[in-house]
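Chemist: My questions will all concern the structure given below.
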Amino acid sequence: MKKSDALLVIDVQNDFCPGGCLAVPEGDGVLGPINRMSGNFQTVAATRDWHPPGHASFAASWEGKKPGDTVSIDGLNQYLWPEHCVRNTRGAQFHENLDTRPFSLVLNKGRSLKLDSYSAFFENDRKTPTGLSGYLGELGATKVYVCGLATDYCVFFTVMDALSLGLAVVLVEDAVRGVDLPSGGLSAALDAMKKAGTDFLPSGKV
Ligand code: VGL
Ligand code: ZN
């Protein structure tokens with residue numbers, strides 16, 4: 001890979017894999033393709049969803065709310081999830097079969113008690129940066145290959161923000177899996193990413 005190419009590995013954590021608190025169907029299916037690709041990149045930034053206990057995105061943090069409900073926090077709509085990826089717990093660790101050796105950066109996101117962060121670039125207020133853009137910029141990365149979980153949440157927001165920051169984006173199509181909630185929709189997310197200018201490539205061609 002060229003120096004201008006970076007791999008972004010999004011949230012490949014136990015809680016998003018089978019057996020986890022917020023398991024994505026076949027979430028562990030991303031492991032093989034990611035492990036085969038990551039050693040080819042000089043810059044590999046991996047994110048972890050890394051919530052404090054009692055995080056505002058957990059239904060259990062709100063009286064009378066259940067997963068799937070929504071609340072408004074400072075005017076921001078928040079979809080409520082089962083408790084997941086509490087920092088330093090087993091559920092928040094990378095999947096044990098994820099090869100972390102090639103990672104150049106591990107970025108913990110969703111660390112504010114009252115503000116969620118789906119994208120690897122900005123928190124859900126769409127204003128607070130995570131610093132990833134500066135990191136990639138200093139290293140001269142102009143194209144990001146995106147993989148991980150979940151296609152229609154953290155991967156989706158990461159892809160859309162990367163495009164808006166002027167990066168070229170490749171979605172590694174066999175290295176992502178979606179939640180596909182009836183309300184959201186995996187196909188709508190894929191369409192929107194494509195329309196916005198994302199290239200789709202199988203990991204074998206990366
Ligand atoms: C995610 C729901 C809640 C994700 C994170 O990584 O896609 N989804 N927190
Ligand atoms: Zn989360």
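Chemist: Give me the mean projected area, in nm² to one decimal, of the convex hull enclosing the Cα positions of the chain. Walk me through the numbers on the way to the answer.
Modeler: On the way: hull surface 42.1 nm².
Mean orientational projected area (the chain, Cα hull): 10.5 nm².
Chemist: If you rank 26, 63 by fewest surrounding Cβ atoms within 10 Å, what's the result?
Modeler: Going from sparsest to densest Cβ surroundings: 63, 26.
Chemist: Any idea what the relative contact order of the chain is, in percent, if you count C-alpha pairs under 8 Å spaced at least 6 apart? Could the numbers behind the result be given before it?
Modeler: Details: 455 pairs, mean separation 51.5, N = 206.
Relative contact order for the chain comes out at 25 percent.
Chemist: Now, a different point. Which pairs break 29 Å Cα to Cα here: 109/195; 109/194; 127/205? Walk me through the intermediate numbers first.
Modeler: Numbers: 109/195 27 Å; 109/194 25 Å; 127/205 34 Å.
The pairs that break the limit, which is 29 Å between Cα atoms, are 127/205.
Chemist: Name the residues whose placed amide hydrogens come within less than 5 Å of the amide hydrogen of residue 173, ignoring near sequence neighbours (fewer than 5 apart) on the same chain.
Modeler: Those qualifying (amide H under 5 Å, at least 5 residues apart or on another chain) are 201, 203.
Chemist: So, one more: How large is ³J(HN,Hα) for each residue in segment 130-140, as worked out from phi by the Karplus curve 6.51 cos²θ - 1.76 cosθ + 1.60 (θ = phi - 60°), to whole Hz, x for Gly and Pro?
Modeler: 8, x, 5, 4, x, 4, 5, x, 5, 8, x
Chemist: Return the long-range amide H neighbours of residue 122 (sequence gap of 5 or more, or a different chain), with a cut-off of under 5 Å between placed amide H atoms.
Modeler: Sorted by chain and number, the residues that satisfy this are 130.
Chemist: Something else about it: Taking H placed 1.01 Å from N in the peptide plane, check which residues at least 5 places from residue 73 or on another chain put their amide H under 5 Å from its amide H.
Modeler: Result for residue 73 returns 78.
Chemist: To the nearest 20 debye, what charge dipole does segment 18-78 have about its Cα centre, counting +1 at the Cβ of each Lys and Arg and -1 at the Cβ of each Asp and Glu?
Modeler: Details: 4 positive and 6 negative charges, 30 e Å.
Result for segment 18-78 is approximately 140 debye, rounded to the nearest 20.
Chemist: Work out, step by step, the length gained on full extension between residue 199 and residue 66: first 0.36 nm times the residue separation, then minus their alpha carbon distance; give nm to one decimal.
Modeler: Details: separation 133, 0.36 × 133 = 47.88 nm, distance 3.67 nm.
Taking residue 199 through residue 66 to full extension adds about 44.2 nm, to one decimal.
Readers should treat all values here as calculations from the given coordinates under stated rules, not as data from a laboratory. None of the values given here were measured: they were computed from a predicted structure. As a convention, Cβ positions derive from the backbone with ideal geometry for all residues, glycine included, and neighbour counts pool all protein chains shown.
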